[in-house]
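The values are calculated or read from the model by the stated rules, or taken from the named source; none is laboratory data. Quantities reported herein were computed from a predicted structural model and do not represent experimental measurements. Positions of Cβ are generated from backbone atoms using ideal geometry, with glycine treated the same way; all protein chains shown enter the neighbour counts.
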Amino acid sequence: MEIAELSDLLVWAAATALAVAMIAFAVDLGRRTDERVGARTQERAVVGAGPTTSVTADAPVGAEPRRRAAGIAMSTTWLATAMLLAAIVLRGLAAGRAPWANMYEFTMVGSFIALVVFLVLNLRRDVRFLGAFVTGLATLFLVVGLNSFHVAATGVQPALQNYWLVLHVGVAIVATGIFTVSFVMSALQLLRDSRDTGSPFLTRPGFRWLDRTPGPTALESMSFRLNAVGFVLWTFTIIGGAIWAEDAWGRYWGWDPKEVWSFVIWVVYAAYLHARTTRGWSGRRAAWFVVVGYACVLFNFTGVNLIFNGKHSYSGIS
C-alpha cells in the first residue's frame, strides 16, 4: 500500500469514527434532557409530598449523572483527530509539499482544525453540547471531500511552489476551522433564542435538548471571541495573498473571483465585529451576521472554485 493510499484510508477511518462520535454526542444530549425532565418531576413530587418525604442518597435530586455516552464521544473524537493528523502528514509526505494545495486537502485540514478548536475549548470549559454538530459537519466535509474533491497526491504548479503556500493557505485554513465552530455556536444561539421566546415549532418536546445548551447570551459571547480571532487570521490571509499575487503574477489585486469573495468574507465579519462592538448589535441580528459570513466562506470554497474561472481555478485553494 502506498503512502497516499494509507492517508486516504485514515481519512475514511476518521470519518467513520466521527460519525460514531456524533451519534454518541447526540445520545448524551438526549439523555441529559430526559434526566433533567425526570429530576424536575421528582422535585415537584418531593415538594408536594410534605415534610415526611425523603430522597434516597443513591438518587439525589438534580445530581449530575455519569455521562458515559459523552465520554465515548470525546474519546472517539480525539481518536478521529489523531487519525486525521496522521493522514495529513502522510499526504504531505506523498506529495512532497504542504498538504493543503487543493480542495480535497483544504477540506481534510479544515475539518482537522475545526476539531482541534472544539477539543481545545473543551479543555477550558465544558462545550460538549457542540460535539454532535462539530463532528457532524466534519464527517460531512470529509465524506464530500473524499467523494467529490479527491485528487492524486502530486506536486503543484510553479506558481504554488512558494513558502506562501504554507503561510497564506495555512492561515486561511485555520481561520476557516475557527469560523466553523463559531458558526455552530451562532446557529445554536438562534435556535435557543427562538425556543426561549416561544417559537411554536421549537417548543415541541423533540427540541428539549436545546435546554441543555447555554443561554443565547453565553453562546453569543463565545462565538464573538472566536470570530474576533478568525477575523484577524482572515485579514492576514488577504494581505498574504496580495503579497503572493504580486510575486507570482505581478499585481497585488486583480479582481479574481477568489480575491473578490475573500474580500466579501472580510467585509461581512468586519461589519459584524463593528456592529457588535460599536453599534450595540447583539442577539439574533449578530448571530445572523455570523451565519451569513460562514455561508460566504462555504461559497468561496465551493462555488467560486467550481463555478468561476480564475487564476485560482487550477488549484482550488483559498
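Kindly provide the set of residues from the range 240-260 that are farther than 24 Å from Thr302 by Cβ and either modelled with pLDDT of 95 or more or in a helix (DSSP H, G or I) (or both), ordered by number. First the steps, then the outcome.
If we filter the range 240-260 for residues that are farther than 24 Å from Thr302 by Cβ, which is where we start, we get 243, 246-247, 250-252.
Result: Ile243, Glu246, Asp247.
Say whether the condition of being in a loop (DSSP other than H, G, I, E, B) and aliphatic (A, V, I, L, M) is met by at least one residue in the range 216-223.
Filtering the range 216-223 down to residues in a loop (DSSP other than H, G, I, E, B) leaves none.
Scanning the range 216-223 turns up no residue that is in a loop (DSSP other than H, G, I, E, B) and aliphatic (A, V, I, L, M).
Name the single residue, out of those in the range 152-177 being part of a loop (DSSP other than H, G, I, E, B) and small (Gly, Ala, Ser), that is surrounded by the most Cβ atoms within 10 Å (Cβ to Cβ).
Our first condition is that a residue be part of a loop (DSSP other than H, G, I, E, B); within the range 152-177, this holds for 152-157, 161-163.
With the extra rule that they be small (Gly, Ala, Ser), the set shrinks to 152-153, 155.
Working: Ala152: 9, Ala153: 24, Gly155: 11.
Checking each candidate, the answer is Ala153.
Identify the single condition in (1) in contact (Cβ under 8 Å) with a residue 12 or more places away in the chain; (2) surrounded by fewer than 16 Cβ atoms within 10 Å (Cβ to Cβ) that Tyr269 does not satisfy, given that it satisfies every other one.
The single condition Tyr269 does not satisfy is (2).
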